[in-house]
Amino acid sequence: MMVDFHKQMATGLGILGIDLPHRSLDRLACYFAELKKWSKKVNLIAKSATDEQIIENHFLDSLTLLPLLEGRDSHLLDIGTGAGFPGLVCKAARPELSVTLVEPRAKRVSFLGHIVRTLGLENVAVLSCRVEDEELLPADKPFSHITGRAVTEIGPFLMMVERFSQASPRLILMKGPKWREELTAAKEIVDRSSFKLEGVKECVLPFSGAQRVFLLFTRQ
């Protein structure tokens with residue numbers, strides 16, 4: 001059964017308390033249609049995912065990040081973005097945001113480039129590399145925020161982004177309900193990292209009730 005994307009998104013965003021203009025929903029609807037089309041040939045999302053699941057687990061879930069990307073000059077580094085979650089979704093919703101997307105898999109990089117061109121987005125860098133690539137991703141790049149959805153656990157993530165600490169970005173780690181166990185397991189790495197836990201923000205996805213947690217780290 002076809003889902004009314006605009007209606008489903010508007011309902012979900014209303015529950016989340018996120019306000020987007022209609023033109024942002026139009027861009028996201030185009031993104032959604034292209035994602036479904038490409039997913040028939042390229043491994044972007046689970047083949048069995050329903051429209052409702054795609055909207056909630058990828059689009060609405062990504063947009064829960066928006067309230068944390070404050071500031072007119074925000075520049076988000078999204079590590080292991082996959083099909084653009086959460087970075088490119090946030091960019092489509094808020095075009096004034098600068099975004100750098102890091103994704104090592106070539107087919108996904110092709111998809112990301114296609115979405116950027118299709119939506120006419122500017123100030124988006126799509127890098128076909130890993131985060132350790134200092135040539136394409138120099139440590140002195142002035143990112144204001146760094147995130148990664150389902151890339152790795154807390155400890156390895158902090159080690160991965162340590163080289164960007166000079167610019168004092170805010171780290172936003174998107175986690176599920178087992179975040180406390182993960183944080184405990186990462187204690188030694190957290191203790192010696194220049195990034196320290198600043199706060200924890202929790203939210204619940206609007207239709208499934210699934211718990212989402214943001215761990216906010218800042219340089220101390």
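Structure data summary
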{"read-out": "Check on residue 141, surrounded by fewer than 16 Cβ atoms within 10 Å (Cβ to Cβ) and modelled with pLDDT under 95", "value": "yes"}
{"read-out": "Spans of helices (runs of 4 or more DSSP H) in region 1-80 with at least 3 residues out of contact with any strand residue (DSSP E or B) (no Cβ under 7 Å at 6 or more places or on another chain), surrounded by 20 or more Cβ atoms within 10 Å (Cβ to Cβ) and of a type outside the set (Val, Ile, Thr)", "value": "5-16, 22-39"}
{"read-out": "Flag if residue 84 is on the phi > 0 side of the Ramachandran plot, touching a strand residue (DSSP E or B) at 6+ places or on another chain (Cβ under 9 Å) and either surrounded by 14 or more Cβ atoms within 10 Å (Cβ to Cβ) or modelled with pLDDT of 95 or more (or both)", "value": "yes"}
{"read-out": "Subset of region 162-210 (residues that are touching a Gly at 6+ places or on another chain (Cβ under 6 Å) and more than 24 Å from residue 131 (Cβ to Cβ))", "value": "206"}
{"read-out": "Members of region 127-144 found to be under 11 Å from residue 104 (Cα atoms), touching a Pro at 6+ places or on another chain (Cβ under 7 Å) and among the hydrophobic types (A, V, I, L, M, F, W, C), listed by number", "value": "129"}
{"read-out": "Search result, residues across region 51-64 that are in contact (Cβ under 8 Å) with a residue 12 or more places away in the chain and not acidic (Asp, Glu)", "value": "54, 55, 57, 58, 59, 60, 62, 63, 64"}
{"read-out": "Residue list for region 126-161, filter: within 19 Å of the chain's Cα centre (by Cα) and charged (D, E, K, R)", "value": "130, 132, 141, 149, 153"}
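Yes or no, residue by residue, for (1) of a type outside the set (Lys, Arg); (2) farther than 29 Å from residue 60 by Cα:
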site: 133; (1), (2): yes, yes
site: 140; (1), (2): yes, yes
site: 146; (1), (2): yes, no
site: 149; (1), (2): no, no
site: 168; (1), (2): yes, no
site: 181; (1), (2): yes, no
site: 196; (1), (2): no, no
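This table checks each residue for (1) of a type in the set (Val, Ile, Thr); (2) surrounded by 14 or more Cβ atoms within 10 Å (Cβ to Cβ); (3) touching a residue at least 40 places away in the same chain (Cβ under 8 Å); (4) closer than 30 Å to residue 33 by Cα.
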site	(1), (2), (3), (4)
117	no, no, no, yes
153	no, yes, no, no
178	no, no, no, no
215	no, yes, yes, no
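The values are calculated or read from the model by the stated rules, or taken from the named source; none is laboratory data. Just so you know, these numbers come straight off a predicted model, no measurement behind them. We place every Cβ from the backbone using ideal geometry, glycine too, and count neighbours over all the protein chains shown.
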